[in-house]
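Novice: Structure incoming, see below.
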Amino acid sequence: MKVYTAICQVQAEIAQTGISKDRTNKQGEGYKFRGIDDVYNALSPLLAKYGLCILPRMLTRECVIRQSAKGGNLYFVTVEAEFDFVSAEDGSKHTIKTFGEAMDSGDKATNKAMSAAYKYAAFQAFAIPTEGDNDSENHTETFGTGLTVPQVLDWIAAIDSAVDQDELKNHYFAALDAAKDDPQSRKKFIDATNKRKAQLQ
C-alpha cells in the first residue's frame, strides 16, 4: 500500500512551508484565506515528485436559488465529492469524502463549490499548516466561531428574500438559532433583519 507512504511524504514536505493566508476577500468582510490556486501551486510539484494522484468524483449536487436584496438571483451550490488518492507506483488508493459549498450570482457557484471540496480534502489529508497562523484562532474562513461564510450569506439571503413580516420573523429566529454560539453572525442577522423590516414597512 504505497499510497500511504506517498501521502506521508507529501505531508512531511508541505509541513515545512505550509500555505499562508495571503488572499483577501474583497466582496465581504475582507477576511484572509487560502485559495484553491495556492493549494494547486503548493501541491502539484509534490504530487508529481512522490507519484501521488488525486482524482475527483462528484457524487451529488444541490442548487438553491434565492433572490438578493437587489432583485437578482443568488445560486447556492453544495456538492458532495470523493477524492481518490492513488499511488502511481502500485495503484493502491485511499478515498476521502468532503463537501463543498459556494455562492455566486452567475454561473460560477458549482465551480467554486468543487474547488472548496478539493481544498478542504487537501487540508485535511495533508494537515496543511499556515505560516505563523492558526485557523481556529483567527476564524478567517468563518464568521465568529460557528458558521461558515457561505452559511452566513445563505441566511442573510433568506432574510433579504422575506416577502412579509411573518416570513421575516421566521427567518430571523431560525438564523439566530443556527448562530446561537456565534455572536458575530448573530449581529449580522440582526442588522439584515432590521434593514429588511424597514423595507417591508
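Novice: Look through region 148-166, keep the residues that are of a type in the set (A, V, I, L, M) and in contact (Cβ under 8 Å) with a residue 60 or more places away in the chain, and return whichever of them is nearest to Ala113 (Cα to Cα).
Specialist: Taking region 148-166 as the starting set, the residues that turn out to be of a type in the set (A, V, I, L, M) are 149, 152-153, 156-159, 162-163.
Restricting the remaining residues to those that are in contact (Cβ under 8 Å) with a residue 60 or more places away in the chain gives 149, 153, 157-158.
Numbers: Val149: 13, Leu153: 14, Ala157: 18, Ala158: 20 Å.
Per the stated criteria, the residue is Val149.
Novice: Right, next: Would you be able to say whether some residue in region 167-188 is over 26 Å from Ala116 (Cα atoms), modelled with pLDDT of 85 or more, out of contact with any Ser or Thr (no Cβ under 8 Å at 6 or more places or on another chain) and not in a helix (DSSP H, G or I)?
Specialist: Within region 167-188, none of the residues are over 26 Å from Ala116 (Cα atoms), modelled with pLDDT of 85 or more, out of contact with any Ser or Thr (no Cβ under 8 Å at 6 or more places or on another chain) and not in a helix (DSSP H, G or I).
Novice: If you don't mind, there's one more thing I want to ask. Scanning region 33-55 for residues that are surrounded by fewer than 12 Cβ atoms within 10 Å (Cβ to Cβ) and modelled with pLDDT under 90, which turns out farthest from Ala157 (Cα to Cα)?
Specialist: Per the criteria, the residue is Asn41.
Novice: Sort out which residues of region 72-95 are charged (D, E, K, R) and either surrounded by 20 or more Cβ atoms within 10 Å (Cβ to Cβ) or closer than 16 Å to Ala117 by Cα (or both), and write them in order of number.
Specialist: Kept after step one, since they are charged (D, E, K, R), are these residues of region 72-95: 80, 82, 84, 89-90, 93.
If the condition is that a residue be charged (D, E, K, R) and either surrounded by 20 or more Cβ atoms within 10 Å (Cβ to Cβ) or closer than 16 Å to Ala117 by Cα (or both), then Glu80, Glu82, Asp84 are the ones that fit.
Novice: Here's a follow-up. Output the number of residues of region 12-32 satisfying the condition of being surrounded by fewer than 16 Cβ atoms within 10 Å (Cβ to Cβ) and either modelled with pLDDT of 90 or more or touching a strand residue (DSSP E or B) at 6+ places or on another chain (Cβ under 8 Å) (or both).
Specialist: 6
Novice: Then there is this: Just give me the residues in region 164-180 being within 13 Å of Val152 (Cα to Cα) and not small (Gly, Ala, Ser), in sequence order.
Specialist: We begin by selecting, within region 164-180, every residue within 13 Å of Val152 (Cα to Cα); these are 171-172, 174-180.
Hits for region 164-180 are His171, Tyr172, Leu176, Asp177, Lys180.
Novice: Right, something else. Considering each residue of region 182-201, count those that are out of contact with any Leu (no Cβ under 7 Å at 6 or more places or on another chain) and surrounded by 21 or more Cβ atoms within 10 Å (Cβ to Cβ), and give that number. Don't jump to the end; show me each part of the working.
Specialist: Initially, region 182-201 is screened for residues out of contact with any Leu (no Cβ under 7 Å at 6 or more places or on another chain), giving 183-184, 187-188, 190-192, 194-195, 198-199, 201.
Right, trim to surrounded by 21 or more Cβ atoms within 10 Å (Cβ to Cβ) and you get 188, 192.
The qualifying residues number 2.
The values are calculated or read from the model by the stated rules, or taken from the named source; none is laboratory data. Bear in mind that the values here come from a model prediction, so they are computed numbers and not experimental data. Every residue, glycine as well, gets a Cβ built from its backbone with ideal geometry; the counts of neighbours run over all protein chains shown.
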